[in-house]
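Student: Once you've had a glance at the structure underneath, I'll fire off some questions.
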Amino acid sequence: MMLIALFLFTSFFYYIPMTVLAAIIEVSIINMVDFQSMRDAYKIDKRDCFVMVITFLVTFFVGVIDGLFVGIFFSFAVVMKGVAFPHVVHLGKLPEDEGGHFKDVDRFPEAVQIPGFAIVRMDASPFFGNSNHFKDIIMSASEGAFHTSREPIRVVILDASAWIDIDLSGIQILKEVIHDLQQAGNKILSIACAKGIIRDILRKNGLSSLLFTMSIDDSITGKSAKRSRRTIEDLSITLPQVTLTTTTNALHSQRAKYKEIGPQDELGGFADDDQFF
């Protein structure tokens, strides 16, 4: 039927006013605009909503081709921003009666940051796209920028549980970080929770002397991972003394503050589930 109309009746469309043709086109494409998806995107991720809205507006007021290129450009920009500046959290230790896990101090106000230790987790693998941001975060953490204690930072612990790969740029940045930390006061860099393949890559690229540990607790106590060639004793550096009394007092202080705030569920920003670490 559509083909018959195109071949036999297109000549009659010539006499239809442009305003009528515009109305016909608008009616035909109105169902193609999904405003519900825009509302859902606004609730989930405002960046996606922004891309959808700007693409729609450019397409509607300028043209389809222009809208297509604008949508591609802003989508690419949003993805690159997330890649270059991944999510970074600073970890503290929960009380033992609450599991003793290391959690994001922003989500868990009862988590205590260990004096003298800066514990950082970047939720992405280090590579050329985020290497500079990665280094800036580590060096800022080594200066105590994100720590509640005023005690000088002597050990920076990287929770590498989210790393699935590391490229040449990431390895080079780690070497620069190690050098800068030593120059800044002979500070230690420890890699905790790294997968075996990550440890193998680092050792093959001249980082066999790094302190690898199986957990963050092991990095704090100085217990090296199996097959690691470096231990705390080899470093000839006195680590901050984290006594049971000091840690317990800090935990009680933080818990009292937490009770004043009141526990919140994950909608309020403080999740209790282990999966939100």
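The values are calculated or read from the model by the stated rules, or taken from the named source; none is laboratory data. Nothing here was measured: the structure is a model prediction, and the numbers come from that model. Please note: Cβ atoms are built from the backbone with ideal geometry, for glycine as well, and neighbour counts cover all protein chains shown. We work out accessible area using only protein heavy atoms, side chains counted, and drop any ligands, DNA or RNA first. Shrake-Rupley method; radii C 1.70, N 1.55, O 1.52, S 1.80 Å.
Student: Tally Lys/Arg at +1 and Asp/Glu at -1 over every other residue whose Cβ is under 14 Å from the Cβ of residue 42; what's the total?
Tutor: 0
Student: For residue 53 and residue 182, what does the FRET efficiency come to when R0 = 45 Å and r is the distance between their Cβ atoms, rounded to the nearest 0.05?
Tutor: E(calc), rounded to 0.05, equals 0.35.
Student: Which distance in nm do the two modelled labels at residue 143 and residue 217 give, with both placed 7 Å along the Cα-to-Cβ direction?
Tutor: 3.4 nm
Student: Per the 1.4 Å probe, what fraction of the accessible area of the range 82-218, in percent, lies on carbon and sulfur atoms?
Tutor: 52 percent
Student: Moving to a separate point now. Pop the C-beta distance of residue 136 and residue 44 into the FRET formula with R0 = 25 Å and round what comes out to the nearest 0.05.
Tutor: 0.30
Student: Further question: Averaging sequence separations of C-alpha pairs under 8 Å and six or more residues apart, then dividing by the length of the range 135-193, give the relative contact order as a whole percent.
Tutor: 43 percent
Student: Can you figure out the FRET efficiency of residue 87 with residue 64, using R₀ = 30 Å and their beta-carbon distance, to the nearest 0.05?
Tutor: It comes to 0.25.
Student: Could you state the accessible area per residue of the range 1-107 in Å², with a 1.4 Å probe and every protein chain left in place?
Tutor: Computed with neighbouring chains in place, this is 76 Å² per residue.
Student: Quick one: which of 81/175; 43/93; 81/195; 175/204 span more than 20 angstrom between C-alpha atoms?
Tutor: As for pairs spanning more than 20 Å Cα to Cα, those are 81/175; 43/93; 81/195.
Student: Right, something else. Output needed: percent of Cα pairs per 10 Å distance bin for the range 1-112, bins running from 0 to the one holding the longest distance.
Tutor: 11, 22, 20, 18, 12, 7, 5, 4, 0
Student: A follow-up question, please. Normalising by the residue count of the range 11-105, find the relative contact order in percent from Cα pairs under 8 Å and 6+ residues apart.
Tutor: On the way: 53 pairs, mean separation 12.1, N = 95.
The normalised contact order for the range 11-105 reaches 13 percent.
Student: Separate question: Give the separation of the Cα centroids, the range 116-182 to the range 31-96, in Å.
Tutor: Their Cα centres are 28 Å away from one another.
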